[in-house]
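Below is one structure; the comments refer to it alone.
The values are calculated or read from the model by the stated rules, or taken from the named source; none is laboratory data. Everything numeric in this text was worked out from a predicted model, so none of it was measured. Virtual Cβ from ideal backbone geometry, glycine too; neighbours counted across all protein chains shown.
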2 protein chains.
Amino acid sequence: MRLARYRLRSDAPDASSVGLVIGGNGSWTVHPFADGSDLISLLALEFEAREELADAAAAGEGYAAADVVLLPPVYPVAMRDFLTFEAHVDGMEKGHGNPGAPDEWYDAPVFLFMAPHAVCGAFDEIAYPPDTERLDFELEIAAIVCKDARNVTPEEAKGVIGGYCVMNDWSARDVQGKEMKLKLGPSKGKDFATTIGPWVVTADELESHRDADGFLDLGMSVSVNDEVVGSDRSANMGWSFEQLVSHASRASWVKAGEVLASGTCASGSLAESWGRTGRLTPPPLQVGDVVSMTIEHLGTISNRIVASNEVVPQTVPARRRVPEGV
Amino acid sequence: MRLARYRLRSDAPDASSVGLVIGGNGSWTVHPFADGSDLISLLALEFEAREELADAAAAGEGYAAADVVLLPPVYPVAMRDFLTFEAHVDGMEKGHGNPGAPDEWYDAPVFLFMAPHAVCGAFDEIAYPPDTERLDFELEIAAIVCKDARNVTPEEAKGVIGGYCVMNDWSARDVQGKEMKLKLGPSKGKDFATTIGPWVVTADELESHRDADGFLDLGMSVSVNDEVVGSDRSANMGWSFEQLVSHASRASWVKAGEVLASGTCASGSLAESWGRTGRLTPPPLQVGDVVSMTIEHLGTISNRIVASNEVVPQTVPARRRVPEGV
């Protein structure tokens, strides 16, 4: 089952409805659930109860793709981004002159909390952010949490994950690089946009797409202006999503409405190539570029980069307390 | 004006009310606002409108401190922690064998997003978290955002900050150290508890406590088991809170209900001493220790560390895709 958050093109810009998606890529329709339906609550329902509501929605009128704007399926109550693809870590570390993934990477899945208010829809335009000459994408898969969890085992975490979607964690690499010198964040390097969508595919739909260890195994690819520039499989994650939820929940809350993302897959960003080769090839993203990401059974997101029309306040340097040179 | 979120000791554990605090430390009472009042909305009101509601609350019955449990004044929609105290950065960097704060620190205020669901109340017990032998505190001051903001100047940011409170960003230094090897986060090193409280002091109350550059200038101190172990002044921040809000809002949303924290002040954590001296003196926190933090005009928070009774799931190492040694 695919659940979308959308508004009609004729709706007010802040309108938001939840619907069932029927049909294939390009020729789908979206059928509204009853007014006031909540996407996370639908995900948390038992299979049969959700099917019943979906049947009722499917029986009602649907809207054609051309008539709707897909919104982020979730406005997250928190958003964690992990770092689970070994080959990506390896490439990024080599870019920093290190031999490869450090031992600490293998011990436990590390993550950061992301800007939860930066999420945008599957086909939204992305304003080119300030201060960067190295705009990049990150191809990721994201799990949508539908129940509160604390100290859950990976087995218990299965019931906590409502579904999955495609994610593009847009990244300003030069901004990010400066921030990471302070060993925190990154923050401004990633807080301007994160695409999630096009909709949530419920976890039950994907049960048959797991490998022998229970890892989701879906093909992932990213193209810039219709040219494929990276691809991988989700089964190359170092941990399953259930293991990630379990780890995040250790002596801590993971709450309904959170998004947990895989981190970048191998070749799922330009910076990884830059790191491996020492050259800016392919070049950083520019205004006019269209970045499209497809994950098998989850669908496609596609965003065009446009010039920003925002007036951004100046960055202010620190007021020094320790005199320079001391 | 001081605004608290609280429940009566006789209330259900998930009850929550908003009240006006009257009186001095130790002998205060809390007077409920009308049912359904929202603390962030109260902060966002114009001065006169808030005063009127406060007068009405003050005229009503109050509850004695002994009868209430103070809750976190905000359950944040997002939480950013900055790194604004130069002397703290200097100490931490020296602990890692570096010469001091790097140039990048001076250029722009860096921050990380924190676990928003880890907030706890001013006098809550803190369960000793798993996997650490280096439990530490961080003395910080936090601003409560009461209006949505994007691309605001520092001047405009004044109206966005509703008030301030004391914050203890509890930190498991050994867990955090491993995570920071991956240059992300930290995540599990800080996601088990963050104390904020005891209440929010509205920004208007603090206008007379600014230095010549407009920086809030409040004395800050932290004690362990009644012995003062660190103190500083908030005016030693490298940026004012208005500058932090402005920076965070650059091409990004800062939303009502967010918390923006200063980062650790100088001598506001044990790790800074450990870094400067190379010895674990004072020793890491233990079960039974009481950490108390006071900021002038904001009040005192005080938390006792207790043994955890949680059964925590095991951490699982990565499933390797790149064979070892390649």
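Would you confirm whether or not the stretch B:305-316 contains a residue that is within 14 Å of chain A (Cβ to nearest Cβ), assigned to a strand (DSSP E or B) and loosely packed, with under 15 Cβ neighbours inside 10 Å? Full working, then the answer.
Within the stretch B:305-316, the subset within 14 Å of chain A (Cβ to nearest Cβ) is B:305-316.
If we keep only those that are assigned to a strand (DSSP E or B) as well, we get B:305-306.
Retained after the next criterion (residues that are loosely packed, with under 15 Cβ neighbours inside 10 Å): B:306.
Yes, because at least one residue in the stretch B:305-316 is within 14 Å of chain A (Cβ to nearest Cβ), assigned to a strand (DSSP E or B) and loosely packed, with under 15 Cβ neighbours inside 10 Å.
Which number in (1) small (Gly, Ala, Ser); (2) over 30 Å from B:Ser16 (Cβ atoms); (3) surrounded by fewer than 22 Cβ atoms within 10 Å (Cβ to Cβ) marks the one condition that B:Gly62 misses?
Condition (2) is where B:Gly62 drops out.
Give the residues of the stretch A:273-326 that are basic (Lys, Arg), outside the structural domain of A:Gly100 (by TED's automatic domain parsing) and over 27 Å from B:Ala251 (Cα atoms), sorted by residue number.
Correct list: A:Arg321 only.
If I go through the stretch A:183-224 residue by residue, how many of them are within 14 Å of chain B (Cβ to nearest Cβ) and in contact with a Pro (Cβ under 7 Å, 6 or more places away or on another chain)?
1
How many residues does the stretch B:12-35 hold that are crowded, with 16+ Cβ neighbours inside 10 Å and not hydroxyl-bearing (Ser, Thr, Tyr)?
Residues of the stretch B:12-35 crowded, with 16+ Cβ neighbours inside 10 Å: B:17-22, B:28-33.
If we keep only those that are not hydroxyl-bearing (Ser, Thr, Tyr) as well, we get B:18-22, B:28, B:30-33.
Result for the stretch B:12-35: 10.
So the check is Cβ under 9 Å with 6+ separation or different chains; which pairs have a first residue in the stretch A:81-92 that's within 12 Å of A:Leu260 (Cβ to Cβ) and a second one that's in a loop (DSSP other than H, G, I, E, B) and of a type in the set (Lys, Arg)?
A:Asp81/A:Lys190
Please find, among A:Asn236, A:Asn168, the residue that is at the interface with chain B (Cβ under 10 Å from one of its Cβ atoms) and touching a residue at least 60 places away in the same chain (Cβ under 8 Å).
Values: A:Asn168 fails: at the interface with chain B (Cβ under 10 Å from one of its Cβ atoms).
Only one candidate passes the filter, namely A:Asn236.
Can A:Tyr164 be described as over 20 Å from B:Leu112 (Cα atoms) and either in the same structural domain as A:Glu48 (by TED's automatic domain parsing) or buried (at least 24 other Cβ atoms within 10 Å of the Cβ) (or both)? I'd like the intermediate steps shown before the answer.
Numbers: over 20 Å from B:Leu112 (Cα atoms): yes; either in the same structural domain as A:Glu48 (by TED's automatic domain parsing) or buried (at least 24 other Cβ atoms within 10 Å of the Cβ) (or both): yes.
Taking the combined requirement at face value, the residue satisfies it.
Can you tell which of A:Asp204, A:Asp217 is out of contact with any strand residue (DSSP E or B) (no Cβ under 7 Å at 6 or more places or on another chain), farther than 20 Å from B:Met114 by Cβ and not aromatic (Phe, Trp, Tyr)? Outline the logic, then answer.
Values: A:Asp217 fails: out of contact with any strand residue (DSSP E or B) (no Cβ under 7 Å at 6 or more places or on another chain).
Matching residue, one of A:Asp204, A:Asp217: A:Asp204.
How many residues are among the small types (Gly, Ala, Ser), farther than 23 Å from B:Gly189 by Cβ and either in contact with an Asp or Glu (Cβ under 7 Å, 6 or more places away or on another chain) or not in a loop (DSSP other than H, G, I, E, B) (or both) when one looks only at the stretch B:247-278?
Here is the first cut: in the stretch B:247-278, the ones among the small types (Gly, Ala, Ser) are B:248-249, B:251-252, B:256-257, B:261-263, B:266-269, B:271, B:273, B:275, B:278.
Checking the rest, the ones that are also farther than 23 Å from B:Gly189 by Cβ come to B:249, B:251-252, B:256-257.
Then drop every residue that is not either in contact with an Asp or Glu (Cβ under 7 Å, 6 or more places away or on another chain) or not in a loop (DSSP other than H, G, I, E, B) (or both), which leaves B:251-252, B:256.
Final tally of qualifying residues: 3.
What is the number of the single condition among (1) under 20 Å from A:Leu270 (Cβ atoms); (2) not assigned by TED's automatic domain parsing to the domain that holds A:Pro284 that A:Ala64 does not meet?
(1)
Mind telling me which of the residues B:Pro72, B:Pro76 ends up being in contact with a helix residue (DSSP H, G or I) (Cβ under 6 Å, 6 or more places away or on another chain) and either among the basic types (Lys, Arg) or at pLDDT 95 or above (or both)?
B:Pro76
Residue by residue, here is whether (1) part of a helix (DSSP H, G or I); (2) under 22 Å from the mean Cα position of the chain (by Cα) holds:
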{"residue": "A:Val245", "(1), (2)": "yes, yes"}
{"residue": "A:Leu280", "(1), (2)": "no, no"}
{"residue": "A:Leu285", "(1), (2)": "no, yes"}
{"residue": "A:Thr300", "(1), (2)": "no, yes"}
{"residue": "A:Ala318", "(1), (2)": "no, no"}
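From the list A:Glu227, A:Glu156, exactly one residue is facing chain B (nearest Cβ under 10 Å) and either more than 20 Å from the chain's Cα centre (by Cα) or closer than 17 Å to A:Thr264 by Cα (or both). Which is it?
On the way: A:Glu227 fails: facing chain B (nearest Cβ under 10 Å).
Being facing chain B (nearest Cβ under 10 Å) and either more than 20 Å from the chain's Cα centre (by Cα) or closer than 17 Å to A:Thr264 by Cα (or both) holds for just one of A:Glu227, A:Glu156, which is A:Glu156.
Take A:Ser262 and decide whether it is among the hydroxyl-bearing types (Ser, Thr, Tyr) and more than 26 Å from B:Gln314 (Cβ to Cβ). So that I can check it myself, show each step before the final result.
Working: among the hydroxyl-bearing types (Ser, Thr, Tyr): yes; more than 26 Å from B:Gln314 (Cβ to Cβ): no.
So A:Ser262 does not fit the description; no.
Of all residues in the stretch B:82-107, count the ones that are within 19 Å of the chain's Cα centre (by Cα) and of a type outside the set (A, V, I, L, M, F, W, C).
Final tally of qualifying residues: 3.
Across the stretch B:250-266, which residue is farthest from B:Thr202 (Cα to Cα) among those that are surrounded by fewer than 24 Cβ atoms within 10 Å (Cβ to Cβ) and charged (D, E, K, R)?
The selected residue is B:Arg250.
Taking the stretch B:239-265 as the region of interest, how many residues are closer than 19 Å to B:Ser171 by Cβ and facing chain A (nearest Cβ under 7 Å)? Spell out how you get there, then give the answer.
Here is the first cut: in the stretch B:239-265, the residues closer than 19 Å to B:Ser171 by Cβ are B:259-265.
Now narrow it down to the ones that are facing chain A (nearest Cβ under 7 Å): none.
Of the residues in the stretch B:239-265, 0 are closer than 19 Å to B:Ser171 by Cβ and facing chain A (nearest Cβ under 7 Å).
So in the stretch A:85-132, with the set limited to residues that are of a type in the set (Asp, Glu) and touching a helix residue (DSSP H, G or I) at 6+ places or on another chain (Cβ under 6 Å), which one is farthest from A:Asp232 (Cα to Cα)? It would help to see each step written out before you state the result.
Step one: of the stretch A:85-132, the residues of a type in the set (Asp, Glu) are A:86, A:90, A:93, A:103-104, A:107, A:124-125, A:131.
Next cut, touching a helix residue (DSSP H, G or I) at 6+ places or on another chain (Cβ under 6 Å) only: A:104, A:131.
On the way: A:Glu104: 23, A:Asp131: 30 Å.
Going through the qualifying residues, I end up with A:Asp131.
Might you check whether a residue that is of a type outside the set (Val, Ile, Thr), away from chain A (no Cβ under 13 Å), under 24 Å from B:Ala4 (Cα atoms) and crowded, with 21+ Cβ neighbours inside 10 Å occurs anywhere in the stretch B:98-116? Spell out the reasoning first.
Going through the stretch B:98-116, the residues of a type outside the set (Val, Ile, Thr) turn out to be B:98-109, B:111-116.
Now narrow it down to the ones that are away from chain A (no Cβ under 13 Å): none.
The answer is no, given that none of the residues of the stretch B:98-116 is of a type outside the set (Val, Ile, Thr), away from chain A (no Cβ under 13 Å), under 24 Å from B:Ala4 (Cα atoms) and crowded, with 21+ Cβ neighbours inside 10 Å.
Condition check ((1) in a loop (DSSP other than H, G, I, E, B); (2) out of contact with any Leu (no Cβ under 6 Å at 6 or more places or on another chain); (3) free of Cβ contacts under 8 Å to residues at least 60 places away in the same chain; (4) assigned by TED's automatic domain parsing to the domain that holds B:Pro116) across all residues:
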{"position": "B:Val18", "(1), (2), (3), (4)": "no, no, yes, no"}
{"position": "B:Ser27", "(1), (2), (3), (4)": "yes, yes, yes, no"}
{"position": "B:Leu43", "(1), (2), (3), (4)": "no, yes, no, no"}
{"position": "B:Ala49", "(1), (2), (3), (4)": "no, yes, yes, no"}
{"position": "B:Ala57", "(1), (2), (3), (4)": "no, no, yes, no"}
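Condition (residue is assigned by TED's automatic domain parsing to the domain that holds B:Glu138, outside any helix (DSSP H, G or I), surrounded by fewer than 23 Cβ atoms within 10 Å (Cβ to Cβ) and not polar (S, T, N, Q)) applied to the stretch B:201-209: is it met by at least one residue?
yes
With A:Lys147, A:Lys183 as the choices, which residue is surrounded by fewer than 22 Cβ atoms within 10 Å (Cβ to Cβ), in a loop (DSSP other than H, G, I, E, B) and either in contact with a helix residue (DSSP H, G or I) (Cβ under 6 Å, 6 or more places away or on another chain) or touching a residue at least 24 places away in the same chain (Cβ under 8 Å) (or both)? Can you show your working first?
Values: A:Lys183 fails: surrounded by fewer than 22 Cβ atoms within 10 Å (Cβ to Cβ).
Of the residues listed, the single one that is surrounded by fewer than 22 Cβ atoms within 10 Å (Cβ to Cβ), in a loop (DSSP other than H, G, I, E, B) and either in contact with a helix residue (DSSP H, G or I) (Cβ under 6 Å, 6 or more places away or on another chain) or touching a residue at least 24 places away in the same chain (Cβ under 8 Å) (or both) is A:Lys147.
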